[in-house]
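Inspection log for the structure reproduced underneath, given as C-alpha cells.
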Amino acid sequence: MPASSSALSDGPHRVTDQLRRPLAHPRLGVDLATTLDIVGAVLKWFSTAFAAPAVVALIAGESPWPFVLAGVAALAAGLGLDRLVADRDSEPLGPREGFLMIALVWLLVPAFGALPFLLSGADQLARPVDAYFEAVSGFTATGATVLDNVESLGQGLLFWRQLSHWLGGMGIIVLAIAVLPRLRVGGRHLLQRELPGPTEIERLGATVRETARRLWKLYVGMTVVGILLLAGTGWLGLDPRMSLFDAFAHATSAVSLGGFSTQAESAGAFAPITQWILIGLMVVAGVNFLRLYRLIVLREVRAVSRDEELRLYLALLLIGTAIVASELFSSGAVHGFAGVRHAAFQTVSVMTTTGFATLDWTTWGALATLTLLLLMFVGASAGSTGGSIKVVRHLMLFRLARRELEIAVHREVVMPVRVSRVTIDEGALRSAVMFVLLYLTVFAVGSLARVIDARRVGGELGAFEALGAAAACLGNVGPGFGIAGPFGSYSSFSDLSTVLLSALMWLGRLEIVPVAVLLTRTFWRA
Amino acid sequence: MRVVVVGAGRVGRAAVESLHEEHECTVIDSDPARLQAMSQSFDVHVVEGNGAGREALQTAGVGDAELLLACTSRDEANLVTAMLARRLSRARTVVRTTDMDYLEAWREGDLDVDFMVSTELETANAVSRVVGVPGTRQTDFFFDGEIQVLEFDLPRNAQLPFCGRPLAQAALPTDSRVVAIIRDRRRLVPGPQESLLPGDRVIVVASRHAARAWSRLLMQGERVINDVALFGGGRVGTAITRVLLDREIRVRLIEADAERARRLAESFSGARVYHATGFEPEFLRRERIVGATAAVFAMRDRTRNLYAAVLAKVHGVPFTIAVLEQPGDADVFDAAGVDSTINPPAETAEVMVRFAHDPRTRQIAMFEDDRFEVLDITVRPESPFAHRRLSDLPPTTSTIGALVRDGHALFPEADLTIEPGDRVIVMVEAERAGVVERAL
C-alpha cells in the first residue's frame with residue numbers, strides 16, 4: 001500500500017505524522033529515524049574527542065586545525081542527523097535498530113576519525129582509502145598500519161592514532177551507554193552486542209548504564225596504572241627512551257589490545273623491563289573485564305578462580321609461549337632469558353590480538369609462525385577488548401563436541417553443556433557455532449579475495465601471507481606475515497585490498513553478526 | 001491427646017490410621033467426599049472447611065488440642081494453618097512441606113513451627129536405607145544407624161543354614177534379634193522354640209555389622225549397591241537422586257519428559273540423565289541399565305512403575321524398589337516380584353505421629369501398614385520393669401530388640417537387665433503402643 005493513500009484515508013493528523021517521519025516507510029521494518037537519531041547523538045559526543053589531539057598538537061607546536069575541522073565536521077553531522085529526524089527520544093530502541101546503529105556507528109566514526117589524517121597532508125596517508133584503513137585499524141583496536149615510517153608523523157597525529165585505539169577498545173557505544181540517557185532503554189542489547197564475545201552482562205548486578213560506567217572506570221583505571229608503570233621506567237632511568245608521551249601511547253595501545261606504536265620497531269625499541277610491563281598489561285587486558293571488576297573492585301576471588309575461560313586463556317598463553325620458545329631456541333635466534341621474553345611477548349601480543357612486536361616474527365621457522373597464525377584464531381577472553389573468536393567460544397564448542405560424541409553412543413542421554421559450572425543454554429551454543437562458521441567463512445573469502453586481487457594487480461602473493469593478512473585483520477591482531485609483518489606495513493596493498501581488509505577489521509570488531517543480519521531480507525521488512 | 005489433622009489426603013489418612021485408636025482425632029478438609037471416606041474408616045470427628053482459616057480451626061477445637069498436623073499438599077496453606085494454630089492454641093505444630101527451601105528455613109529456626117517434614121525427603125531416605133541394606137523390604141535406622149530394624153522375606157528357594165531350626169539353636173548373625181515372624185499374614189511371637197521357615201516375613205533388630213551380614217545372606221553373596229537406575233525424575237525422583245548422590249552412589253536417571261529431563265540434567269551434574277520411557281528392552285540393554293545393581297521406580301503412574309519394574313526384573317536387575325502411589329498397591333508389586341516397596345504417605349506419617357506419643361519416645365518405625373511399630377523409648381526410674389532381667393519379663397506380644405546404654409548398643413542376652421535411663425528398642429503391636437509406653 002503506498003504511503004500517500006494510507007495517509008489520506010487516515011485523516012489529517014496522519015498526514016502531519018508522515019511529514020514528521022520522512023524516513024518512515026510503511027513496508028520498512030526498521031525504524032530508520034530512531035536509528036539515525038542515536039547515531040547522530042553518538043557522533044555529537046564523539047566530536048568532543050578531537051579536542052585532545054588538538055591540544056597535543058598545540059603543545060607540540062603543530063597545527064591544531066585538522067583536528068578542529070574534523071571535530072566540527074563530526075558535530076555538524078551529528079546535529080544534522082538530529083535535525084533531520086526531529087525529536088524521537090520517546091521511541092524505544094529495538095534489536096533491529098540496535099544492529100543497524102552499531103554497524104553505522106562503526107562505519108562513520110572511523111570516517112570522521114580519518115579526516116585529520118587527510119587534512120594534515122601527511123604523505124603516507126594522503127589517499128582516502130589509506131587514511132580510512134588507518135582509522136578503522138585504530139578504532140577497531142587492530143593495529144595494522146599503512147605507515148612505512150611512523151616516526152615521521154607529527155605528535156598530534158600519533159596521539160590521535162593511539163587515542164582511537166583507546167576509544168574503540170572498550171567501545172564507543174559502551175561509552176555512549178554510560179553517558180547518553182537516551183540509551184537507557186534497549187541498552188542491554190547494545191552492550192551485549194558490543195562487548196566482544198558471549199558474556200553475561202547481568203552478573204555485575206547493576207543497571208546497564210551502571211555496568212557500562214563501571215567497565216569504563218575500570219578501563220580508565222587500568223590505563224592510568226599502565227601509564228604510571230611505563231612512565232616510571234623512564235623516570236627511574238630503567239628505560240631512557242620511555243617518555244611520558246610514549247608511556248601514554250603504549251599504555252593505551254596495550255590496554256585496548258590495539259597494537260599501534262609510536263616507534264618503527266614497535267616495542268622492540270624499549271628496554272626489557274618495559275617489554276615485561278607490556279606483557280603484563282596485555283595479559284590482564286585480555287581477561288574478561290566483568291571478572292576483573294569482580295576481582296579488583298568487589299574482591300570476589302571465587303568469581304575468577306573458578307572461571308574456566310581464564311584458566312584456558314592462561315594455559316594457552318603458556319603453551320603458545322613454550323612452542324614458540326622451543327622453535328626460537330632450537331634455531332639459535334635467541335639466547336637465555338631474553339629468549340623467553342621474546343617468545344612470551346610475541347605469543348601474548350598475537351593471542352590477545354594486540355599486535356606489538358619485539359622481533360620480526362616473519363623470518364621465523366614454520367613451527368613458530370604457524371603457531372602464531374593459529375593463535376590469531378584463539379583471541380582473548382570474552383568481555384575483554386580483544387578480537388578474534390575468543391577463548392570461551394572454543395571452550396563452548398569443545399564441550400558441545402564432547403556432548404555430541406556422548407550422544408552418538410548414548411542416544412537418549414541428556415547432557416547440558418557447562419562452562420565454569422554454569423549451564424550454557426542451547427541458543428548461546430547455536431550462536432557460538434554460527435559465529436565460528438561465519439568467522440571462518442569470512443576468513444576464507446577474505447584470504448581468497450586478497451590472493452585474487454594481488455594476482456589482478458600483477459603481484460604474486462604467498463598463501464601464508466594471504467592467510468596471515470586476512471586472519472590478522474579479521475581477528476583485529478594487526479600485523480601479519482611477509483611485507484605486512486610487525487615491522488612492515490600494508491602500504492603496498494592495492495586500493496581494493498585495502499578496502500577489503502578495512503571491511504574485515506570492521507566485521508571482526510562487530511563480531512560479524514550485526515552486519516550479517518543487515519544482509520537478510522527479513523531484517524528490512526515490516 | 002486431642003489431635004487436629006488438617007488435610008484428609010493420603011498423608012493425613014496415614015497419620016489418622018496410626019493415631020485414631022489411642023487419640024481423639026479431628027480432621028479438617030474442604031472436600032466432603034474425602035471426609036466421609038475418613039469417617040467411615042475411622043472413629044474421628046470431621047470438620048468441613050478451609051484448614052488455613054480461623055473458623056474451621058476453632059470449630060475443630062484447636063484451642064484444646066495438644067497436637068496439630070498440617071498435612072495438605074499445599075505448603076503455604078500448611079504454614080498458615082500452623083501460624084494460626086500458634087495464636088489460637090498451645091498445640092505443637094507439625095507441618096508437611098514439599099519445598100526444600102522451607103525445610104532449610106525451618107532448620108535454621110526462621111519458621112515458627114515445631115516440626116517440618118517433607119514427604120519427598122522421607123521417601124528418599126527410605127529408599128536410601130533400603131539401598132544401604134540390599135535384600136530387605138524396609139530398613140529403619142535407630143540410634144544414628146547403630147541399630148537397624150530390617151524387614152525381609154526369607155527366599156523360598158534358598159538353603160539358609162538356620163531355617164527350620166529353633167531360634168535358640170540357630171546360628172543367626174551375632175548382635176541381631178528376630179522380633180517378629182509373619183507367616184500367612186499372622187504374626188508369631190518369636191519364642192526360643194519358634195523357627196524360621198522359607199517364605200516367612202521376618203523383622204530383625206540388628207547392629208550395623210549384623211545388618212550387613214543379613215543382607216549378604218539374603219542376597220546370597222557379597223553385593224553392595226553402588227549403581228542405581230532411577231525411573232522417574234519428579235519431585236520424589238529428584239529427592240532420591242540428591243540423597244543417593246550424597247552417599248556417592250552412581251545414579252542413572254530415566255525421565256520420559258524432555259523438558260524435565262533437561263532441567264534434571266542441569267541441576268545434577270553428578271547424575272547421568274536419559275530422556276527415555278524405560279519401557280524399551282533395547283534401551284535397557286544398550287545403556288547397560290540391566291547391569292545396574294538396583295533399580296528404583298518413582299514415576300507418577302503406578303501402571304508404568306509396575307511395567308517398568310517387571311521389565312527390569314525380567315532383564316535381570318538384581319534388586320528392585322518401587323515407590324507406591326497407593327498404599328494398597330504393595331500387594332500387587334509384591335506379587336510381581338518387586339523386592340521392596342516404599343509408601344510415601346506412611347513414611348511421612350511415621351515421622352509426624354511421633355509427637356502424639358509419650359515424649360520419652362524418640363522414634364517410631366511402622367511395619368506392615370502400621371500393624372506393628374518399633375519404638376525407641378527411654379525407661380523411667382519408677383517403671384515396673386526397671387532392674388528386671390530380660391529373661392524374667394512376663395511373656396507378651398512385645399519383643400525387646402536392643403538397648404542403648406551409655407552410648408552403646410546392647411543386644412539381648414538372658415542376664416541383661418533393664419536399667420532406668422536405658423533406651424529400649426521394642427517391637428509392639430500398633431494398638432498396644434500406648435500400653436507399652438506407659439509400662440516402661
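The values are calculated or read from the model by the stated rules, or taken from the named source; none is laboratory data. All values reported here derive from a predicted model rather than from experimental measurement. Here the Cβ positions follow ideal geometry from the backbone for every residue, glycine too, while neighbour counts run over all protein chains shown.
Computed quantities for the displayed model
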{"read-out": "Elements of type helices (runs of 4 or more DSSP H) in region A:250-325, at least 3 residues being closer than 30 Å to A:L158 by Cα", "value": "A:272-285"}
{"read-out": "Criterion violated by B:A292 - all others in (1) out of contact with any strand residue (DSSP E or B) (no Cβ under 7 Å at 6 or more places or on another chain); (2) buried (at least 23 other Cβ atoms within 10 Å of the Cβ) satisfied", "value": "(1)"}
{"read-out": "Residue identified as surrounded by fewer than 19 Cβ atoms within 10 Å (Cβ to Cβ) and among the hydroxyl-bearing types (S, T, Y) among A:S152, A:S137, A:S120, A:S164", "value": "A:S152"}
{"read-out": "Which listed residue is buried (at least 17 other Cβ atoms within 10 Å of the Cβ), within 14 Å of chain A (Cβ to nearest Cβ) and within 17 Å of B:I321 (Cβ to Cβ), from B:V273, B:V236, B:V251, B:V228", "value": "B:V251"}
{"read-out": "Subset of region A:390-412 (residues that are more than 10 Å from chain B (Cβ to nearest Cβ) and among the charged types (D, E, K, R))", "value": "A:K390, A:R393, A:R399, A:R402, A:R403, A:E404"}
{"read-out": "Residues within region B:285-326 that are within 17 Å of B:G233 (Cβ to Cβ) and within 14 Å of chain A (Cβ to nearest Cβ), tallied", "value": "2"}
{"read-out": "Exclusive hit being farther than 30 Å from B:V436 by Cα, modelled with pLDDT of 85 or more and under 13 Å from the mean Cα position of the chain (by Cα), set B:L324, B:L306, B:L284", "value": "B:L324"}
{"read-out": "Residue check, A:V417 of a type in the set (V, I, T), over 16 Å from the mean Cα position of the chain (by Cα), within 12 Å of chain B (Cβ to nearest Cβ) and surrounded by fewer than 20 Cβ atoms within 10 Å (Cβ to Cβ)", "value": "no"}
{"read-out": "Residue within region B:179-186 that is more than 22 Å from the chain's Cα centre (by Cα), surrounded by fewer than 18 Cβ atoms within 10 Å (Cβ to Cβ), among the basic types (K, R) and outside the structural domain of B:I342 (by TED's automatic domain parsing) present", "value": "no"}
{"read-out": "Boolean, B:T361 is buried (at least 16 other Cβ atoms within 10 Å of the Cβ), touching a helix residue (DSSP H, G or I) at 6+ places or on another chain (Cβ under 9 Å) and under 28 Å from B:T136 (Cβ atoms)", "value": "yes"}
{"read-out": "Residues being assigned to a helix (DSSP H, G or I) and crowded, with 16+ Cβ neighbours inside 10 Å - total across region B:20-42", "value": "3"}
{"read-out": "Filter result for A:G458 (away from chain B (no Cβ under 14 Å) and either crowded, with 20+ Cβ neighbours inside 10 Å or assigned to a helix (DSSP H, G or I) (or both))", "value": "no"}
{"read-out": "Qualifying residue in region B:379-389 (condition: under 30 Å from B:R156 (Cα atoms) and either in a helix (DSSP H, G or I) or acidic (D, E) (or both))", "value": "no"}
{"read-out": "Count of region B:377-391 residues which are modelled with pLDDT under 90 and touching a strand residue (DSSP E or B) at 6+ places or on another chain (Cβ under 9 Å)", "value": "6"}
{"read-out": "Test: residue in region A:139-149 that is closer than 26 Å to A:F245 by Cβ and in a helix (DSSP H, G or I)", "value": "yes"}
{"read-out": "Lone qualifier among A:A432, A:A428 - being within 14 Å of chain B (Cβ to nearest Cβ) and either at pLDDT below 95 or surrounded by fewer than 17 Cβ atoms within 10 Å (Cβ to Cβ) (or both)", "value": "A:A428"}
{"read-out": "Verdict on B:L67 being buried (at least 16 other Cβ atoms within 10 Å of the Cβ) and under 25 Å from the mean Cα position of the chain (by Cα)", "value": "yes"}
{"read-out": "Answer residue from region B:254-266, given it is surrounded by fewer than 20 Cβ atoms within 10 Å (Cβ to Cβ) and not aliphatic (A, V, I, L, M) and is nearest to A:V414 (Cα to Cα) among those", "value": "B:R262"}
{"read-out": "Filtered residues of region B:119-160 (kept if touching a residue at least 24 places away in the same chain (Cβ under 8 Å), farther than 21 Å from B:L245 by Cβ and in a loop (DSSP other than H, G, I, E, B))", "value": "B:G135, B:T136, B:R137, B:E146, B:L154, B:P155, B:R156, B:N157, B:A158, B:L160"}
{"read-out": "Residue check for B:V204: under 30 Å from B:I425 (Cβ atoms) and either at the interface with chain A (Cβ under 10 Å from one of its Cβ atoms) or crowded, with 20+ Cβ neighbours inside 10 Å (or both)", "value": "yes"}
